[in-house]
1. May I ask you to verify whether residue 75 is crowded, with 23+ Cβ neighbours inside 10 Å, closer than 16 Å to residue 144 by Cα, touching a residue at least 12 places away in the same chain (Cβ under 8 Å) and in contact with a helix residue (DSSP H, G or I) (Cβ under 8 Å, 6 or more places away or on another chain)?
2. Which is at pLDDT below 75 and under 17 Å from residue 146 (Cβ atoms), of 117, 125?
3. Could you check, for segment 24-40, whether at least one of its residues is touching a helix residue (DSSP H, G or I) at 6+ places or on another chain (Cβ under 9 Å), surrounded by fewer than 23 Cβ atoms within 10 Å (Cβ to Cβ) and over 25 Å from residue 190 (Cα atoms)?
4. Out of 171, 188, which single residue is more than 16 Å from residue 11 (Cα to Cα) and assigned to a helix (DSSP H, G or I)?
5. Just checking, how many residues over segment 95-110 are closer than 22 Å to residue 259 by Cα and either free of Cβ contacts under 8 Å to residues at least 60 places away in the same chain or part of a loop (DSSP other than H, G, I, E, B) (or both)?
6. Just wondering, is there one or more residues in segment 167-181 that are modelled with pLDDT under 80, out of contact with any helix residue (DSSP H, G or I) (no Cβ under 7 Å at 6 or more places or on another chain) and crowded, with 21+ Cβ neighbours inside 10 Å?
7. Does residue 41 satisfy the condition of being at pLDDT 90 or above and part of a helix (DSSP H, G or I)?
8. Keeping to segment 202-221, report how many residues are over 17 Å from residue 171 (Cα atoms) and surrounded by fewer than 21 Cβ atoms within 10 Å (Cβ to Cβ).
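The values are calculated or read from the model by the stated rules, or taken from the named source; none is laboratory data. Note that the coordinates shown come from a computational prediction; the quantities given were computed from them, not determined experimentally. Cβ sites come from the backbone with ideal geometry, for glycine too, and all protein chains shown count toward neighbours.
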């Protein structure tokens, strides 16, 4: 269920690259993020329910989440929606390295999945006809975004392990909204005169791609390691490429299609194979035994 939920989340994120790309023609990145995440924060409040808000962890997560989204949104002004999604997927290469630094063990099976997914993302990002074209500055900003998201995924796995998803959610979304609003004020981006297309992008990204998506991600990372999560999230550039092709006519080359197949293979190797062989002493793909998992479900 965690793998399936994360897969749905990556599809939503892949779709919204097109929406944000179109919105960036009219609104500044700080202001767009401020409104988007303010909406997401209010929608996330009911998820808290029981449990104490974890402000310190949420603030740290919110900081790296803000960096990731700011550089991604800024980069979308100078690169295509498709390439932004593809380069963002490079975080799958970085997560295992960052996770090892924090002491997380990577199994051989997951390691093979990372290799497949990483190779696929590289082909997706560099296999296009304009891989080294005029979008270089936007591509560079998006690489910084990928580094920030890798740090976020690893830290989220550490903070969410064995805990409820709700208490972490509003704080991190609120931190993104606050930092974005500060930037919008400094750079004079704030305006309420926005077109219906921009408001539609804010509504969709604020609800589906922020509140819902990050609740799912926090919930899933309480049951899976950072590396396993990153392999599944490597499907995001695949969906970004597909939606970029379907909605904006941004064609995929044969090399990029091969990359998509490799990403899918990596996800299967790391997250699905052996998924039914978990027992009390044989951890499931999420890194927990059945007994531990049952304990979480009964919380």
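1. Values: crowded, with 23+ Cβ neighbours inside 10 Å: yes; closer than 16 Å to residue 144 by Cα: yes; touching a residue at least 12 places away in the same chain (Cβ under 8 Å): yes; in contact with a helix residue (DSSP H, G or I) (Cβ under 8 Å, 6 or more places away or on another chain): yes.
Yes.
2. On the way: 117 fails: at pLDDT below 75.
After applying the criteria, what remains is 125.
3. Taking every residue of segment 24-40 in turn, none turns out to be touching a helix residue (DSSP H, G or I) at 6+ places or on another chain (Cβ under 9 Å), surrounded by fewer than 23 Cβ atoms within 10 Å (Cβ to Cβ) and over 25 Å from residue 190 (Cα atoms).
4. Working: 188 fails: assigned to a helix (DSSP H, G or I).
Just a single option satisfies the conditions, and that option is 171.
5. Of the residues in segment 95-110, the ones closer than 22 Å to residue 259 by Cα are 95-97, 108-110.
Cutting the leftovers down to either free of Cβ contacts under 8 Å to residues at least 60 places away in the same chain or part of a loop (DSSP other than H, G, I, E, B) (or both) gives us 97, 108.
Number satisfying all stated conditions: 2.
6. Quick first cut of segment 167-181, residues modelled with pLDDT under 80 only: 167.
Among the residues that remain, those that are also out of contact with any helix residue (DSSP H, G or I) (no Cβ under 7 Å at 6 or more places or on another chain) are: 167.
Still in the list and also crowded, with 21+ Cβ neighbours inside 10 Å: 167.
Checking segment 167-181: at least one residue is modelled with pLDDT under 80, out of contact with any helix residue (DSSP H, G or I) (no Cβ under 7 Å at 6 or more places or on another chain) and crowded, with 21+ Cβ neighbours inside 10 Å.
7. Details: at pLDDT 90 or above: yes; part of a helix (DSSP H, G or I): yes.
So residue 41 fits the description; yes.
8. 3
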